[in-house]
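First the structure, in the form of structure tokens, and then the observations on it.
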Amino acid sequence: MNIQTFVQSLVSGALTGSLYAMIGVGLTVVFGVMRIINLAHGEMVMLGMFGAYWGQSLWRLDPFLSLLLWAPLMFGAGMAIHRFLLRRVVPGGELNTLLYTAGLSLLVANVALLVWSGDYRTITLSYGAEPIRPLGIAIAVPLLVAFVLALVITTALWTFLMRTDLGRAIRATSQNAEAAILMGVDVERVAVVTFGLGTALAAAAGVLLAPSLYLYPTVGELLIVKCFVIVVLGGLGSVPGAIAGGVLLGVVESLGAVYVSSTYKDGIGFLLFLGVLLYRPSGIFGVGRS
Amino acid sequence: MRRAAPWVAAIAAALLVPFAGPGSFVLHVLILVLMWTTLGAAWNVLGGLAGQVSFGHAALVGVGAYTTMILYLKLGIAPWWGMLAGGAAAALVSLPIGLLCFRLRGPYFSLATLAVAEIVRLVALNFESLTNGPVGFLITALPPLHLGGWAVNWESKTPFYVAAVLLAAAALVSTDWVKGSRLGAYLVAIREDEDAAEAVGIDTVRVKVITLAHSAFLAGLGGGFYAFYFRYVDPDAVCNIGLSMEMVFIAMVGGLGTVGGPLVGATFLTAVAEVVRGQLGLGHLVFYGLSMMLVIRFMPEGIWGRVHRLLTRPRGAAADVALGG
């Protein structure tokens, strides 16, 4: 084992992890406010990926630039999904909502399969062919750009949650919905905005991931499972936990692929997941709610 | 058994169907319906009666299907015995899964089962010396079987139909039996309020593990039948999340926790899926997703649950409706 390989896989793991983190944050915010585990979250990422793809192939739009188009659009779509679909189901209980989003996930993935076919597609960037090599470590350019943008978006989200009134309302609802109502928070509005936010984050992560991954309509299935691993690692409902969980999963997968076996790298994540679920259900940092 | 007579009559009637001379396509559709009934009922025992929503039942189906295949292709044990062994193997595998996952509740349990199923799928995909990896197993010829001097013709659909009827009957009758037993009462208590159930002295973990083993046995039988009937098994066919979801949907659309629900759900989904696929050229999963959403939104008790409620509505309530308009 040499140090170069170790650092290399650590770095690429952390970069991929930052994107996992973004997907995880979207899921965890929604869970915090609404107690919904949104099984259709992976499909939102998938839609973002296809958005980037079609933006490039139809309008020659740079995938990273198309973020400015798809993120607001999916924010609106998320609000509409909550307003017209989920809101009527949520009072039916956690499990009904879980199954409802499972139905939504199947519907979206299979409509996409129908319209776009199951072909694997890739996005090639003119500036992505050669990796840059600081200190002898190869870093893929698309992944680096995605990492920087993910950092910007996550920081912006953090500032929004900590500094604005709406952000405070979201955090308050997440901590205790009844108390928030008593303090005059419009919980319905908070829920709609949060679902929009979660959806936009997922789609944005999809746009950023698109140049680095194969895209196909059922990719959401793979991502949602990773996403559960992340939010459970960090503690369901906790934003910093999801960020840490995402980076941790990225690093574990990357190191596991190098040092254990590339075929079982996904399995390592799941074992970690089961271990945390069983022994620390509030997450490794103990900040989530079990 | 509370009501043996109706069951015997229904099973006998179902077994008489091949004598009416249906085409092999009709028998094929009926076999599919009965196979899905078995799988839906397997999920329903745990998810419907005990309220434990598993997203990983495909793992148990996979264990059943692979056991059947491996026993036949590597040891020469005929698939009809393999199916039973598959059920037993799935029940055995379910014990450690249950002991682990039942420490969690609600959505956390669901997520844990999802992870377990993914681990099983990865094992099926990568443990090549046992499972043939992504290539899977193919049965080229079924062994000869003589029943009372008759050689069974494996080219005909009839023997598979008879097997499917027996499996579905086993699944539904055992659901009915559990529902009417003390165990069934424990399960309802756990479903409605687990803390309260524990407080009145029910050993909830033990009850849930037993129910999971029952559910796993049925799922393993269904998986064994899948291998036996389609003669082909690979990780994508029997271990994917989609299969787990289909089992959930059948139980949910038919009616959670009802005895007849899985049969109704399987009939409805299979029939309409055939029509959607044949007439509109759409993938049937689109339809599954949509019907799932519609049922939860407008009919959370499922089709069978709704019909049952309308039929058994107390007289007084009916009179009130009649009087009050």
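The values are calculated or read from the model by the stated rules, or taken from the named source; none is laboratory data. Because the structure is predicted, anything quoted here is derived from the model rather than measured. Using ideal geometry, Cβ is built from the backbone for each residue, glycine included, and neighbour counts are taken over all protein chains shown. What goes into the accessible areas is simple: the full protein's heavy atoms, side chains included, and nothing from ligands, DNA or RNA. Shrake-Rupley method; radii C 1.70, N 1.55, O 1.52, S 1.80 Å.
Taken over region A:1-28, the criterion of being open to solvent by less than 10 Å² (accessible area, probe 1.4 Å) and within 11 Å of the chain's Cα centre (by Cα) is satisfied by A:17, A:19, A:21, A:22, A:23, A:24, A:25, A:26, A:27, A:28. Residues that are at the interface with chain A (Cβ under 9 Å from one of its Cβ atoms), surrounded by fewer than 24 Cβ atoms within 10 Å (Cβ to Cβ) and assigned to a helix (DSSP H, G or I) occur at least once in region B:297-304.
Kindly indicate whether any position in region B:194-202 is in a strand (DSSP E or B), away from every other protein chain (no Cβ under 14 Å) and in contact with a helix residue (DSSP H, G or I) (Cβ under 9 Å, 6 or more places away or on another chain). Looking for residues that are in a strand (DSSP E or B), away from every other protein chain (no Cβ under 14 Å) and in contact with a helix residue (DSSP H, G or I) (Cβ under 9 Å, 6 or more places away or on another chain), one finds none in region B:194-202, hence no.
Just one of (1) in a helix (DSSP H, G or I); (2) under 30 Å from residue B:189 (Cα atoms); (3) within 21 Å of the chain's Cα centre (by Cα) fails for residue B:52. It is (1).
Conditions tested, residue by residue: (1) in a helix (DSSP H, G or I); (2) touching a residue at least 12 places away in the same chain (Cβ under 8 Å); (3) closer than 30 Å to residue A:31 by Cβ.
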site	(1), (2), (3)
B:73	yes, yes, no
B:89	yes, yes, no
B:93	yes, yes, no
B:121	yes, yes, yes
B:124	yes, yes, no
B:129	yes, no, no
B:154	no, yes, no
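Listed by first and then second residue, the pairs with beta-carbon distance under 7 Å, at least 6 apart or on different chains, first residue in region A:60-86 and under 30 Å from residue A:126 (Cα atoms), second among the hydroxyl-bearing types (Ser, Thr, Tyr), are A:74/A:199; A:75/A:199. Going through (1) of a type in the set (Phe, Trp, Tyr); (2) modelled with pLDDT of 90 or more; (3) open to solvent by 50 Å² or more (accessible area, probe 1.4 Å) one by one, residue A:50 falls short only on (3).
Residue pairs whose Cβ atoms lie under 8 Å apart, sitting 6 or more positions apart in sequence or on different chains, and linking a residue in region A:103-114 that is more than 7 Å from chain B (Cβ to nearest Cβ) to a partner that is open to solvent by 20 Å² or more (accessible area, probe 1.4 Å) and in a helix (DSSP H, G or I), are A:108/A:47; A:109/A:221; A:109/B:285; A:112/A:47.
A Cβ distance below 6 Å, combined with a sequence gap of six or more or placement on separate chains, defines the contacts here; from region A:145-168, residues that are farther than 21 Å from residue A:20 by Cβ reach residues that are surrounded by fewer than 16 Cβ atoms within 10 Å (Cβ to Cβ) in the pairs A:167/A:160. With respect to being more than 8 Å from every other protein chain (Cβ to nearest Cβ) and within 15 Å of residue A:274 (Cα to Cα), residue B:104 falls outside the description. In the condition set (1) assigned to a loop (DSSP other than H, G, I, E, B); (2) more than 24 Å from residue B:191 (Cα to Cα); (3) within 14 Å of chain A (Cβ to nearest Cβ), residue B:134 is compliant with all but (1).
Being over 28 Å from residue B:245 (Cβ atoms) and without any contact (Cβ under 8 Å) to a residue 40 or more places away in the chain, is that true of even one residue in region B:166-182? Within region B:166-182, one or more residues are over 28 Å from residue B:245 (Cβ atoms) and without any contact (Cβ under 8 Å) to a residue 40 or more places away in the chain. Residue A:32 fulfils the conditions (1) closer than 19 Å to residue A:193 by Cβ; (2) modelled with pLDDT of 85 or more; (3) crowded, with 22+ Cβ neighbours inside 10 Å except for a single criterion, (2).
Here A:132, A:123 are screened, and the one residue that is without any contact (Cβ under 8 Å) to a residue 60 or more places away in the chain, in contact with a strand residue (DSSP E or B) (Cβ under 9 Å, 6 or more places away or on another chain) and under 26 Å from residue A:243 (Cβ atoms) is A:132.
When residue A:87 is tested against (1) crowded, with 16+ Cβ neighbours inside 10 Å; (2) within 14 Å of chain B (Cβ to nearest Cβ), only condition (1) is not met. Checking the stated criteria, residue A:138 turns out to be in contact (Cβ under 8 Å) with a residue 12 or more places away in the chain, surrounded by 10 or more Cβ atoms within 10 Å (Cβ to Cβ) and farther than 28 Å from residue A:59 by Cβ.
Residue by residue, here is whether (1) under 21 Å from residue B:145 (Cβ atoms); (2) open to solvent by 10 Å² or more (accessible area, probe 1.4 Å); (3) within 14 Å of chain A (Cβ to nearest Cβ) holds:
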| site | (1), (2), (3) |
| --- | --- |
| B:25 | no, yes, no |
| B:36 | no, yes, no |
| B:39 | no, no, no |
| B:51 | no, yes, yes |
| B:55 | no, no, yes |
| B:79 | yes, no, no |
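Go through region B:226-254 and count every residue that is assigned to a helix (DSSP H, G or I) and either within 13 Å of chain A (Cβ to nearest Cβ) or modelled with pLDDT of 95 or more (or both).
To start, the set of residues in region B:226-254 that are assigned to a helix (DSSP H, G or I) comprises B:226-230, B:235-238, B:241-254.
So of that shortlist, the ones also either within 13 Å of chain A (Cβ to nearest Cβ) or modelled with pLDDT of 95 or more (or both) come out as B:235-236, B:241-253.
Number of matching residues: 15.
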